[in-house]
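Step one of this worksheet: look at the structure below.
The values are calculated or read from the model by the stated rules, or taken from the named source; none is laboratory data. All values derive from a computational prediction rather than experimental measurement. FYI the Cβ positions are ideal-geometry reconstructions off the backbone, even for glycines, and counts take in every protein chain you see. What goes into the accessible areas is simple: the full protein's heavy atoms, side chains included, and nothing from ligands, DNA or RNA. Shrake-Rupley method; radii C 1.70, N 1.55, O 1.52, S 1.80 Å.
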Amino acid sequence: MVYLSMLISALSQGMLYAPMALGVFVTFRILKTPDLTVDGSFVFGMTVCAAVTISGHPVLALLAGTAAGALAGFFTALLQTKLRIEPILSGILVAAGLYTVNYAVLGGQSNLYLQYDTVNSAGAAVKAASPTIYKNFSALFAGAEGVLADSNAQVLLLTLAIVAALTAGLGVFFFTRPGMAIRATGDNEEMVRSSSINADLTRTAGVMLANALVALSGALLCQQQRYADLNCGSSMLVMGLASVIIGQVLFGDRGMVGGLVSAEGGSLLYRIIIQAAYQVDMPSYAVKLLSTLIVVAALAVPLVRRKLARSQKGGKTQ
């Protein structure tokens, strides 16, 4: 039961970060553009979600956080398409600027808990927990026994439903004309321009979509952990890349829908690996190094496979 509980915890965390992996997939695999806005837009979605959640609107908070990420992506794309600034530098500039924006949204503090001021029955001022989608969902399982009584299992179940709907929507969108235009822009932007399609517009739409997904992940995490923190966005890009690359290594290139699902699967496996690392008494400050090593190892797998295939082929020829 202990190992089952740890597995469910890892899967629930992996599912919370799945939209972020989808966002990285859009920029890294579809647009083929490195976007470093991720670290900033993730926290932007989290901080905006926290501010709206405290006002008593948890569902609207998720939408507001997602819209905040899209806005961050818009400014990144604006720097790329109108000022012709390199994509990497554009992402760094926007992410740096978002630090100040996020600090302001949090009211000039580094973190904000999801609670509001109220008065108890004795007339004393107290803090009360703000409603979240996870808190409302867990109320449905009051009195439940077994696995469903576990809060992590409840988080996993609700987030899985959200991510499944999101994946289905993206799978349909990328086969519509706007979605195909975004894909074509990533494959061959010059051809897109010669076809009288506004490549700047499609690139902007793609970057906005990617950062909206990243921000949604931050908003979901905010409501699950019940606070927003400026430092939560650290190494998000590395985590997203690890998820996308692990998924591709395990499941291969299986088309658009397969790529979306593999990115989510990579997110789940990544969190399982991190959870296992904590069980061997790995210090928390070493997690970033582990994340980097995971990405390097995943990137090296295709090269190792090719070399093994060549060596086996050479052996058969002899």
List the pairs whose first member sits in the stretch 22-38 and is under 16 Å from ASN188 (Cα atoms), whose second member is part of a loop (DSSP other than H, G, I, E, B), and whose Cβ atoms are under 6 Å apart, counting only residues at least 6 apart or on separate chains? THR27/THR33; THR27/ASP35
Would the stretch 187-200 turn up any residue that is in contact (Cβ under 8 Å) with a residue 12 or more places away in the chain, over 27 Å from LEU157 (Cβ atoms) and small (Gly, Ala, Ser)? yes
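Only residues that are open to solvent by 20 Å² or more (accessible area, probe 1.4 Å) and part of a helix (DSSP H, G or I): list them for the stretch 227-238, please. Walk me through it before giving the result.
Filtering the stretch 227-238 down to residues open to solvent by 20 Å² or more (accessible area, probe 1.4 Å) leaves 227, 229, 231-232, 234-235, 237-238.
Of everything in the stretch 227-238, those that are open to solvent by 20 Å² or more (accessible area, probe 1.4 Å) and part of a helix (DSSP H, G or I) turn out to be ASN231, CYS232, LEU237, VAL238.
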Looking only at the stretch 203-212, decide whether some residue is without any contact (Cβ under 8 Å) to a residue 24 or more places away in the chain, out of contact with any Lys or Arg (no Cβ under 9 Å at 6 or more places or on another chain) and farther than 16 Å from ARG29 by Cα. no
Over the stretch 14-30, the set of residues buried (at least 24 other Cβ atoms within 10 Å of the Cβ) and farther than 16 Å from ALA228 by Cα is GLY14, MET15, ALA18, PRO19, MET20, ALA21, LEU22, GLY23, VAL24, PHE25, VAL26, THR27
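For the stretch 206-226, state whether one or more residues are of a type outside the set (Lys, Arg) and farther than 30 Å from GLN109 by Cα.
Taking the stretch 206-226 and keeping what is of a type outside the set (Lys, Arg), we get 206-225.
Applying the additional criterion that residues be farther than 30 Å from GLN109 by Cα yields 206.
Taking every residue of the stretch 206-226 in turn, at least one turns out to be of a type outside the set (Lys, Arg) and farther than 30 Å from GLN109 by Cα.
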Considering the stretch 2-56 alone, what residues qualify as being out of contact with any helix residue (DSSP H, G or I) (no Cβ under 8 Å at 6 or more places or on another chain) and at positive phi? GLY56
Can you confirm whether the stretch 63-81 contains a residue that is hydroxyl-bearing (Ser, Thr, Tyr), surrounded by fewer than 20 Cβ atoms within 10 Å (Cβ to Cβ) and under 24 Å from SER235 (Cα atoms)? no
Of all residues in the stretch 249-294, which are of a type in the set (Gly, Ala, Ser) and under 17 Å from the mean Cα position of the chain (by Cα)? GLY259, SER262, ALA263, GLY265, GLY266, SER267, SER291
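If you take the residues of the stretch 82-107 that are of a type in the set (S, T, N, Q) and buried (at least 16 other Cβ atoms within 10 Å of the Cβ), which of them is farthest from the chain's Cα centre (by Cα)? Please lay out each step first, then the result.
The first filter runs over the stretch 82-107 and keeps only residues of a type in the set (S, T, N, Q), leaving 90, 100, 102.
Filter once more, so that each one left must be buried (at least 16 other Cβ atoms within 10 Å of the Cβ): 90, 102.
Values: SER90: 19, ASN102: 18 Å.
The extreme case among them is SER90.
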When the residues of the stretch 15-73 are narrowed to those that are farther than 27 Å from ASP117 by Cβ and outside any helix (DSSP H, G or I), which ends up nearest to the chain's Cα centre (by Cα)? TYR17
Counting only residues in the stretch 281-311 that are within 17 Å of GLY240 (Cβ to Cβ) and among the polar types (S, T, N, Q), the one least open to solvent (accessible area, probe 1.4 Å) is identified as SER291
